[in-house]
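Only one structure is covered here, and it is reproduced in the block below.
The numbers here are math on the coordinates, done by the rules we state, and not lab data. Since we're looking at a predicted model, the values are computed, not measured. So basically every Cβ, Gly included, is an ideal-geometry build from the backbone, and we count neighbours across all protein chains shown.
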Amino acid sequence: VGVTSVWCEWALLPGGVAADVRIDVTDGRIAAVEAGAAQPPEADRRAGVTMPGAANAHSHAFHRALRGRSQAGRGSFWTWREQMYALAARLEPDTYHRLARAVFGEMVLAGYTSVGEFQYVHHRPDGTHYADPNAMGEALVAAAADAGIRITLLDVAYLHGGLGADGYAPASPLQRRFLSTSAEAWVERVGGHRLPANARLGAAIHSVRAVDPHSIATVAGWAADSGAPLHAHVSEQTAENTQCLAAHGCTPTELLADVVGGRFTAVHATHPSGHDIELLGRSGSTVCLCPTTERDLGDGVGPARALLDAGVTLAIGSDSHAVVDPFEEVRAIELDERLARRERGVVTVDELVAALGRGHRSLGWDDVGTIEAGQRADLVTVALDTPRTAGASPDAIAAAVVFAATGADVTDVMVEGADVVTGGRHRWVDVVDELRAAIAALVDEVPG
Ligand SMILES: [Zn+2]
């Protein structure tokens, strides 16, 4: 097995940014890291700062086709949802594969090396199974392999159309393809997945609006027995809190109290109560904030500082893909807190840098997200000679990246030892052409 050496002008190591760092990679893993190293003649030289790969812990790949189409005009999360449902109705395994391959390519270009795909478009539009009941999920897994990104397929249990004071509502016609007939039917279907090495299976509860308490226990039981991560949308909207309180007499997080823990990720948690924050922190849960989506949908600002103080691990997700940029996502955590509190320096640069990489663990990949021996070799290099990053202080490179860099400043991305992006270009996916073609094939009749 050959050793590849990458020699970095700067690298973000667990102890901070170091200069002249040699990273040896063997068989997809980091074998050795040496700071202050002489540049070996055969090494691949990376100017700029090389960082661990970022994790996109919450994605719905098809939402990318709504970018710029659903964002203008008035409305709310609930009016946006109608446009999203209309698009979902048109997806088929082949068209979704094509779109997802381009979207995952866009993610790698921006510096994401793992994605958690929160997949609920399972069935045909009329609610019946495809010949292969997992055809849609497997199209997404194949798309990730095509694009060179690691994937956790979060197969979503979605059982009801909504939650009212008098209980769970039946599905609307456009929701039919999302729904499993029961939690037991969901368990049976996910048991049929056969995934390749770049992929892992996770479980997801769509939300307390779509999954009743008995079914939450069934899905969480499957995840616990399988050692799989478990994700759920939680309190993105105050309406969800109101509906849950009316129907169950408790908050969504309280309804999930038996399933929170080290393998659990609450997505959004924009409107948690003080008790919810305590439950999430004490249990060692992760919260995946999706600030660019929460901002786009007018959801609100998640309480990042309070969650961190309670012991919650923060991760990020690009969710609706209004923006695909890990740097924009993490700086929004702090900048939105500033707007909400009219105060600066609420979340530290170290905490923001950590949030870039914490999602790998929440997706079930425990050995990705830092540059040290033994970890999978995911390396993202950010140029320091672009209009956004030029003039960065050598003493504050991490701050310059977190507050000023964008995905467009990423020059090189290695995923598990493989060079996927070099010189700012995906090596085998023409991301721009493929996005254009895949979106054009899907959206021409979508209103909005
Ligand atoms: Zn979502």
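When 1/r is averaged over all different Cα pairs and the result inverted, which Kirkwood radius in Å belongs to region 1-140?
18.4 Å
In a Gaussian network model over the chain where Cα atoms closer than 10 Å are linked, find which of F104, F403, F77 has the largest mean-square fluctuation.
In this elastic network of the chain, the residue with the biggest mean-square fluctuation among F104, F403, F77 is F77.
Using a ≥ b ≥ c from the Cα gyration tensor of region 156-310 (square roots of the eigenvalues), is it rounded, prolate or oblate, where a/c under 1.5 gives rounded and otherwise the larger of a/b and b/c decides, a/b for prolate?
Note, shape of region 156-310 comes out oblate.
Quick one: if you stick a label point 7 Å off each Cα along the C-beta vector at A373 and R124, how many nm between them?
Spacing of the two 7 Å Cα→Cβ label points: 5.7 nm.
Provide the gained length on full extension for the span D132 to R67, in nm with one decimal, where the gain is 0.36 nm per separating residue minus the Cα-Cα distance.
20.4 nm
How do V208, V368, V415 line up, fewest other C-beta atoms within 10 Å first?
Working: V208 29, V368 22, V415 25.
Arranged by neighbour count, lowest to highest, V208, V368, V415 become V368, V415, V208.
With +1 on each Lys and Arg Cβ and -1 on each Asp and Glu Cβ, how big is the dipole of region 157-216 about its Cα centre, in debye rounded to the nearest 20?
320 debye
Could you check which residue among A266, A102, A239 shows the biggest mean-square fluctuation in a GNM of the chain with a 10 Å Cα cutoff?
In this elastic network of the chain, the residue with the biggest mean-square fluctuation among A266, A102, A239 is A239.
Under a point spin-label approximation (7 Å from Cα along Cα-to-Cβ), what is the W78-D433 distance to one decimal in nm?
It is 4.5 nm.
Cut-off 10 angstrom, C-alpha nodes, Gaussian network model of the chain. Which of A392, A224, A131 fluctuates the most?
For the chain, modelled as a Gaussian network with Cα springs under 10 Å, the answer is A131.
Report for region 271-415 the percent antiparallel among DSSP-assigned beta bridges with both residues inside it, nearest 5.
In region 271-415, DSSP labels about 50 percent of beta bridges as antiparallel.
How do D385, D296 line up, fewest other C-beta atoms within 10 Å first? Mind showing how you got there, number by number?
Numbers: D385 12, D296 20.
In increasing order of surrounding Cβ atoms, one gets D385, D296.
Which shape class applies to region 308-440: rounded if a/c is under 1.5, otherwise prolate when a/b exceeds b/c and oblate if not, where a ≥ b ≥ c are the square roots of the Cα gyration tensor eigenvalues? It would help to have the intermediate numbers written out before the result.
Values: a/c = 1.42, a/b = 1.31, b/c = 1.08.
Rounded.
Given R₀ = 41 Å, FRET efficiency for A390-N198 by Cβ-Cβ distance, to 0.05?
Step by step, r from the Cβ atoms, then E = 0.70.
Using 0.36 nm per residue, how much length does the chain from L245 to D94 gain when fully extended, once their Cα-Cα distance is taken away?
Taking 0.36 nm per residue and subtracting the Cα distance, the gain is 50.3 nm.
What is the projected area of the convex hull of the Cα atoms of region 103-195, averaged over all directions, in nm²?
Result: a mean projected hull area of 7.1 nm².
Any idea how far the Cα center of region 195-230 sits from the one of region 378-417, in Å?
35 Å
Please report, to one decimal in angstroms, the Kirkwood hydrodynamic radius of the chain built from all distinct Cα-Cα pairs.
On the way: mean 1/r = 0.0454 Å⁻¹.
Result for the chain, one decimal place: 22.0 Å.
Could you tell me what fraction of 2.2 N^0.38 Å the Cα radius of gyration of region 220-277 comes to, as a two-decimal ratio?
Ratio of Rg to 2.2 N^0.38 Å for region 220-277: 1.14.
Starting at the first residue of region 14-21, write each ³J(HN,Hα) from the Karplus equation 6.51 cos²θ - 1.76 cosθ + 1.60 with θ = phi - 60°, in whole Hz, x for Gly and Pro.
Residue by residue, region 14-21 yields x, x, x, 7, 10, 9, 6, 10 Hz.
Using a simple spin-label model with points 7 Å from Cα along the Cα→Cβ vector, what separation in nm is obtained for A340 and A408?
Inter-label distance under the simple model: 2.9 nm.
Determine which residues of region 106-139 fall in the zone a paramagnetic label at S226 would reach in this model, i.e. backbone nitrogen under 20 Å from the point 7 Å along Cα→Cβ.
114-124, 129-139
Only counting other Cβ atoms within 10 Å, I'd like R69, R263, R176 sorted with the fewest neighbours first.
By the 10 Å Cβ count, ascending, the order reads R69, R176, R263.
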